[in-house]
Amino acid sequence: MGKNKLAKFADMERFENVFQCTERELCNGVSMTNPIYDLKPGHWHDTYFKNSNPIVLELGCGRGEYTVGLARLFPDKNFIGVDIKGSRMWTGAKDALENNLRNVAFLRTGIEFIDRFFEPGEVSEIWLTFSDPQMKKPTKRLTSTYFLERYRRILKDNGIVHVKTDSNFLFTYTKYMIAANNLPVDYRTEDLYQTELSEEDKAILGIQTYYEQQWLSRGITIKYLKFHLPQEGDLQEPDVEIELDSYRSYNRNKRSGLTTAK
Ligand SMILES: C[S@@+](CC[C@H](N)C(=O)[O-])C[C@H]1O[C@@H](n2cnc3c(N)ncnc32)[C@H](O)[C@@H]1O
């Protein structure tokens, strides 16, 4: 039987690669709890990673498969998985500790507060893996201007955003967002596993998360976008009606009866 939640929460308090800030109103970035490191925004390199390698975030990392998988592929980069659900993140944190992956950390907090934990320009890339499409709530979508503004505050100029998703709704919304703001796109595919990829991209994009495995077993195609986020200019929300996904996950909200949403 797997470890229960309370035991996992106790582990999270003592894992040296886990930083937590769960009281949302107190998340001012100077009170991340960790058994060893007193970490302030702007000091991930010198206090924790002890190198100057690029920092890559996975936002909504769940069990952290991408964070840990990418860390294995790229020992010369640093990876931080971010999620509010500590019991999920425990899996990745334990895996990284057991395998002595020093280029991995996990941060437990709400993504809406992400700019409280990093200084401007401290982050090079962001991965969004199988994020909830939030079809009814545009400001909760992780590729909305609400979130992109926050990412811009911590990313280097022209920092990279990767979106890997099952959701046609989130993919289409993100495409419109990119078009509305003329964001430079490096890569876009609507069916990842039917696309010719370099060996390196195959390894990067072949990492499969828990949610991806669920979608693949249901025959849903996987979409992927890689774009840049320049610092300059106001970000505009796209004004389009998008067809809702025809399926829903065990965790996604019930359908409202509508067939499209903005
Ligand atoms: C659908 S799951 C995907 C998890 C993982 N990326 C995967 O592919 O298996 C979405 C994850 O995002 C997290 N999440 C969603 N909104 C969040 C927010 N605002 N702040 C922190 N975590 C959030 C949830 O807790 C959940 O673990």
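The values are calculated or read from the model by the stated rules, or taken from the named source; none is laboratory data. No experiment lies behind these values; they were computed from the predicted model shown. Counting neighbours? That spans all protein chains shown, and the Cβs are built from the backbone with ideal geometry, glycine included. Ligands, DNA and RNA are excluded from the accessible area calculation, which covers all protein heavy atoms including side chains. Shrake-Rupley method; radii C 1.70, N 1.55, O 1.52, S 1.80 Å.
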Legend entry - Alpha-carbon centroid distance for the pair the range 156-179 / the range 63-118, whole angstrom: 21
Inset, instruction - Treating cross-link reach as a plain straight distance, find the aspartates and glutamates whose alpha-carbon is under 16 Å from the alpha-carbon of K5, omitting any fewer than eight places away in the same chain. - result: E13, D83
Inset, instruction - Could you run the Karplus curve 6.51 cos²θ - 1.76 cosθ + 1.60 with θ = phi - 60° over the range 77-90 and give me ³J(HN,Hα) per residue in whole Hz, x for Gly and Pro? - result: 10, 10, 10, 10, x, 10, 7, 8, 8, x, 6, 6, 4, 3
Legend entry - Qualifying aspartates and glutamates (Cα of each under 13 Å from Cα of K40; at least 8 residues distant if same chain): D115, E119, E122
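Counting Lys and Arg as +1 and Asp and Glu as -1, what is the net charge of the other residues whose Cβ lies under 12 Å from the Cβ of L148?
With Lys, Arg at +1 and Asp, Glu at -1, the net is 0.
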Inset, instruction - Could you work out how far apart the two model spin labels at R72 and E232 are, taking each label as a point 7 Å from the Cα in the direction of the beta carbon, and quote it in nm? - result: 4.2
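In whole percent, and with a 1.4 Å probe on the protein chains, what portion of the accessible area of the range 104-196 is carbon and sulfur?
Numbers: 1530 of 3510 Å².
Summing carbon and sulfur atoms, their accessible area is 44 percent of the total for the range 104-196.
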Inset, instruction - Enumerate the amide H contacts of A105 below 5 Å, restricted to partners 5 or more residues apart or on another chain; note that Pro and chain-start residues carry no placed amide H. - result: F79, I80, G81
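Over the alpha-carbon set of the range 5-261, divide Rg by the Kirkwood Rh and report the Rg/Rh ratio to two decimals.
Details: Rg = 17.7 Å, Rh = 18.7 Å.
My calculation puts Rg/Rh at 0.95.
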Inset, instruction - Count charges around P230 for me, please; just the other residues with Cβ under 11 Å from its Cβ, Lys/Arg as +1, Asp/Glu as -1. - result: 0
Inset, instruction - Pop out the ³J(HN,Hα) list for the range 133-146 in order, Karplus 6.51 cos²θ - 1.76 cosθ + 1.60 with θ = phi - 60°, rounded to Hz; leave Gly and Pro as x. - result: x, 6, 5, 8, 10, x, 6, 8, 5, 6, 10, 6, 4, 3
Legend entry - Phi to ³J(HN,Hα) by Karplus 6.51 cos²θ - 1.76 cosθ + 1.60 over the range 34-50, Hz, x for Gly, Pro: 7, x, 10, 9, 9, 9, 10, x, x, 10, 4, 5, 7, 7, 10, 6, 6
Inset, instruction - Quick one: work out the % antiparallel among DSSP beta bridges in the chain, nearest 5. - result: 40
Inset, instruction - List every residue whose amide H lies under 5 Å from the amide H of W127, counting only residues 5 or more places away in sequence or on a different chain, with H placed 1.01 Å from N in the peptide plane. - result: L57, E58, L59, H162
Inset, instruction - Beta carbons within 10 angstrom, averaged per residue: use that to sort the peptides 132-141, 206-215, 237-246, 59-68, highest first. - result: 59-68, 132-141, 206-215, 237-246
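Excluding T209 itself, what net charge comes from residues whose Cβ is under 12 Å from its Cβ, given Lys and Arg +1 and Asp and Glu -1?
Numbers: positive: R63, R88, K164; negative: E58, E65, D83, D166, E212.
Neighbourhood net charge equals -2.
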